[in-house]
């Protein structure tokens, strides 16, 4: 093995170690005391249950990530990539189709290895803690549909990048970036009406007090809604959520049916005000721009390494096919990817505070917003005391106690 092989393995092990340390610190930071803010929401038994849920999911995460780390290391040092490439080349097809066979073989090998872990997660852990509503038929259907969608989308992107780096050479990274931007915008546009309905049923929110409240608020805020929908989240889980999706005329605000069942009209309107706040404050556009900039940087860096002999030597390859180089670069890029993720999560948490502030100041019912956050945390058995390092590393939302503290600060400052 070359020194570059050890460098790649060092990156893989280091990132695994960082994530595992964050998980272990998170468990160590558990507190047996129920926060004063959650008295009347959490009883002792359910609070203990939330901590048991965190322990179970963390243990599962560490075990599964350790397994896949071991698989990666064994596969790399045994020359697994070279073996798969030999098979792909043996069909005697063109460079694009050979690349598909190479990447497709790796994709399906990984997905098949994931199946037992997914089954255990859904039908043992989620079932034990009362979340799972999915049957095996739905599980298999979801798996097949997600494979088909992933294959279609990733094949288009992979083919474009591969073709450009084979043919365009010097400016391939720039052309690839432009292609990806156009394609991702197209997917974002059609996802709410083409992709998402493949997994869940979306029905317009029926007439009534909730719809009237939301429409009245939206009109006051001059927010033109393209669609307000209820999603059958209860088909798979008792967990609840709400989200904003799509762009242009396909823009939608979606409420889980489980969310509607458990919250008052004022609480739900606050949740929707929060989602509208993301749009009104430009968070969605900012996130998209950040994502595109990250992609641009990644492709630019890729252009420097794609033809380097040592990159292929690091994975014990006998040849230097571009399709393999694209995959290998993802390993090399992992430390940068982690840093980009940390920055993205930081701004995401900042945007959540801003959206909370927007909802509180425009709907002017902060108590209902706080109640909604508390109920969501209890219903989803959320960890109320996440370790700061775990939050720094992975959290896209601030811890609920910090969000409540920020809302109370607005109340005390009399800014409403």
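Values for this structure:
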| item | result |
| --- | --- |
| Residue, nearest to residue 184 (Cα to Cα), within segment 251-273, restricted to residues that are assigned to a helix (DSSP H, G or I) and in contact with a strand residue (DSSP E or B) (Cβ under 9 Å, 6 or more places away or on another chain) | 272 |
| Which numbered condition residue 41 fails, given (1) in contact (Cβ under 8 Å) with a residue 12 or more places away in the chain; (2) closer than 23 Å to residue 124 by Cα | (2) |
| Criterion: farther than 30 Å from residue 130 by Cβ, in contact with a helix residue (DSSP H, G or I) (Cβ under 7 Å, 6 or more places away or on another chain), touching a residue at least 24 places away in the same chain (Cβ under 8 Å) and in a helix (DSSP H, G or I) - qualifying residue of 370, 410, 404 | 410 |
| Selection status of residue 154, farther than 21 Å from residue 62 by Cβ and surrounded by fewer than 16 Cβ atoms within 10 Å (Cβ to Cβ) | yes |
| Residues of segment 224-239 satisfying the condition of being modelled with pLDDT under 80 and either closer than 23 Å to residue 368 by Cβ or crowded, with 17+ Cβ neighbours inside 10 Å (or both) | 225, 227 |
| Segment 330-347 residues that are modelled with pLDDT under 95, paired with ones that are in a helix (DSSP H, G or I) (beta carbon under 6 Å, 6 or more apart) | 331/8; 334/11; 334/15; 335/11; 338/15; 340/294 |
| Count of segment 385-401 residues which are part of a helix (DSSP H, G or I) and closer than 21 Å to residue 271 by Cβ | 2 |
| Members of segment 274-285 that are without any contact (Cβ under 8 Å) to a residue 40 or more places away in the chain and part of a helix (DSSP H, G or I) | 285 |
| Condition check for residue 271: under 30 Å from residue 135 (Cα atoms), touching a residue at least 60 places away in the same chain (Cβ under 8 Å) and touching a helix residue (DSSP H, G or I) at 6+ places or on another chain (Cβ under 7 Å) | yes |
| Scope segment 89-116; condition touching a residue at least 40 places away in the same chain (Cβ under 8 Å) and over 18 Å from residue 12 (Cβ atoms); matching residues | 89, 95, 96, 98, 99, 100, 102, 103, 104, 107 |
| Residue in segment 357-367 that is out of contact with any helix residue (DSSP H, G or I) (no Cβ under 9 Å at 6 or more places or on another chain) and surrounded by fewer than 17 Cβ atoms within 10 Å (Cβ to Cβ) present | yes |
| Entirely in segment 165-250, the strands (runs of 3 or more DSSP E) that have 3 or more residues that are under 24 Å from residue 289 (Cα atoms), touching a residue at least 12 places away in the same chain (Cβ under 8 Å) and touching a helix residue (DSSP H, G or I) at 6+ places or on another chain (Cβ under 8 Å) | 242-245 |
| Condition check for residue 324: in contact (Cβ under 8 Å) with a residue 12 or more places away in the chain, assigned to a helix (DSSP H, G or I) and over 27 Å from residue 106 (Cα atoms) | no |
| Matching residues, segment 302-313, being in contact (Cβ under 8 Å) with a residue 24 or more places away in the chain and surrounded by fewer than 14 Cβ atoms within 10 Å (Cβ to Cβ) | 310 |
| Identity of the residue in segment 122-144, within 20 Å of the chain's Cα centre (by Cα) and surrounded by fewer than 16 Cβ atoms within 10 Å (Cβ to Cβ), that ends up nearest to residue 53 (Cα to Cα) | 143 |
| Residue under evaluation residue 147, criteria (1) exposed (fewer than 15 other Cβ atoms within 10 Å of the Cβ); (2) within 21 Å of residue 329 (Cβ to Cβ); (3) under 20 Å from the mean Cα position of the chain (by Cα), criterion not met | (2) |
| Candidates 316, 299 - the one that is outside any helix (DSSP H, G or I), in contact (Cβ under 8 Å) with a residue 12 or more places away in the chain and buried (at least 16 other Cβ atoms within 10 Å of the Cβ) | 316 |
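The values are calculated or read from the model by the stated rules, or taken from the named source; none is laboratory data. The structure displayed is predicted, hence computed values, not measured ones. Heads up, the Cβs are rebuilt from the backbone with ideal geometry, glycines too, and the neighbour counts pull from every protein chain shown.
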